[in-house]
Structures are given as structure tokens and as C-alpha cells.
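The structure appears right after this line, and notes come after that.
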Amino acid sequence: VQLVESGGGLVQAGGSLRLSCVASGRTISSDGMGWFRQAPGKEREFVSAINWSGTNTYYSDSVKGRFTISRNNAKNTVYLRMSSLKPEDTATYYCGAKYYRGTFDYRGNYDYWGQGTQVTVSS
């Protein structure tokens, strides 16, 4: 499975970005897909996740109400719409695919990762 993220960039505080994660090599009919982020000197942290059918979504408290995750299984793509961005959202954002049972917010439950896309929010 290959996961390729895109959509990162430099944006001013209060702005918006939409990240995309395209899967290839295997369908994304996984148990779920998630977004994590890692800032310099910090551990990779959970941001958001969505189950295979899209009926269940999960968000960290820090992004709830500002970020929206969605997926299009026909396009093998998961999206993360980020609004009202803050400087503290600055990080490398990683897409992960989870194929087995386990909580969506634990990075150890994810089997594949993309290479990441940088998001920088200026104040």
C-alpha cells in the first residue's frame, strides 16, 4: 500500500487548507484511515480518523469544530479540510491506513503511512 499526501503549504492564521491522501496498491477498504501530525521536537499526535464506510469520524479536542475528515472510496482518497488554522497547527501531516481492529487515535494501530505534507501557519 502506498499513501501519498498533498495539499500542504503556507497559510496565514485563520485560513484554510484541504489535505488529500491517495492510496494505491490496495483499495482503501481498510478498517479506517487517519491523519496524524508531528511538529519539530514533538511526538506524532492524532488529528482525525474515519472508518471505512465514512459513518464514523473522530477528532482530537484541539481540532474539533475546525477540521473535517471525509473520504471517497471510489477515488481511493481521504481528505482533511482544515479551517480557522492556528500557528499551533503547524506540523507535518501524515496519512495512515488501519486494517485491523483497534482504536483510531493510536498511531500504533496503523499499518501504513504516507511520507507527509508540511503545513505552516503564520501568525
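The values are calculated or read from the model by the stated rules, or taken from the named source; none is laboratory data. On a predicted model such as this, the values are computed, not experimentally measured, just so you know. All Cβ positions, glycine included, derive from the backbone under ideal geometry; neighbour counts span all protein chains shown. Heavy atoms of the whole protein, side chains included, go into the accessibility calculation; ligands, DNA and RNA do not. Shrake-Rupley method; radii C 1.70, N 1.55, O 1.52, S 1.80 Å.
Scan the range 64-91 residue by residue and report those that are open to solvent by less than 60 Å² (accessible area, probe 1.4 Å), under 16 Å from GLY8 (Cβ atoms) and not in a helix (DSSP H, G or I).
Hits for the range 64-91 are PHE67, ILE69, THR77, VAL78, TYR79, LEU80, MET82, SER83, LEU85, THR90, ALA91.
Among the listed residues SER53, SER48, SER20, SER30, which satisfies the condition of being in a loop (DSSP other than H, G, I, E, B) and either open to solvent by less than 60 Å² (accessible area, probe 1.4 Å) or touching a Leu at 6+ places or on another chain (Cβ under 8 Å) (or both)?
Step by step, each of SER53, SER48, SER20, SER30 is checked, and only SER30 is in a loop (DSSP other than H, G, I, E, B) and either open to solvent by less than 60 Å² (accessible area, probe 1.4 Å) or touching a Leu at 6+ places or on another chain (Cβ under 8 Å) (or both).
With respect to THR120, is the statement that it is in a strand (DSSP E or B), open to solvent by 30 Å² or more (accessible area, probe 1.4 Å) and of a type outside the set (D, E, K, R) true?
yes
For the condition assigned to a strand (DSSP E or B), modelled with pLDDT of 95 or more, of a type in the set (Ser, Thr, Tyr) and open to solvent by less than 40 Å² (accessible area, probe 1.4 Å), what is the one hit in TYR58, TYR94?
TYR94
For the range 39-61, what are the residues that are of a type in the set (Ser, Thr, Tyr) and within 17 Å of ARG107 (Cβ to Cβ)?
Answer for the range 39-61, where residues must be of a type in the set (Ser, Thr, Tyr) and within 17 Å of ARG107 (Cβ to Cβ): SER48, TYR58, TYR59, SER60.
Looking at the structure I just gave you, is ARG37 within 22 Å of GLY102 (Cβ to Cβ), under 11 Å from the mean Cα position of the chain (by Cα) and either crowded, with 21+ Cβ neighbours inside 10 Å or not aromatic (Phe, Trp, Tyr) (or both)?
Against the criterion (within 22 Å of GLY102 (Cβ to Cβ), under 11 Å from the mean Cα position of the chain (by Cα) and either crowded, with 21+ Cβ neighbours inside 10 Å or not aromatic (Phe, Trp, Tyr) (or both)), ARG37 qualifies.
Cβ contacts < 6 Å: first residue in a helix (DSSP H, G or I), restricted to the range 97-117; second residue open to solvent by less than 80 Å² (accessible area, probe 1.4 Å), any location; separation 6+ or different chain. Result?
Close Cβ pairs satisfying both conditions: ARG107/PHE36; ARG107/ARG44; ASN109/LYS98; ASN109/GLY102.
Give the range 4-17 a look and list any residue that's in a strand (DSSP E or B) and either more than 14 Å from ARG71 (Cα to Cα) or among the aromatic types (Phe, Trp, Tyr) (or both), or say none.
Matches in the range 4-17: VAL4, SER6, GLY9, LEU10, VAL11, GLN12, LEU17.
Which one of these does ILE50 not meet: (1) touching a residue at least 60 places away in the same chain (Cβ under 8 Å); (2) of a type in the set (A, V, I, L, M, F, W, C); (3) out of contact with any helix residue (DSSP H, G or I) (no Cβ under 9 Å at 6 or more places or on another chain); (4) over 16 Å from VAL4 (Cα atoms)?
Unmet condition: (1).
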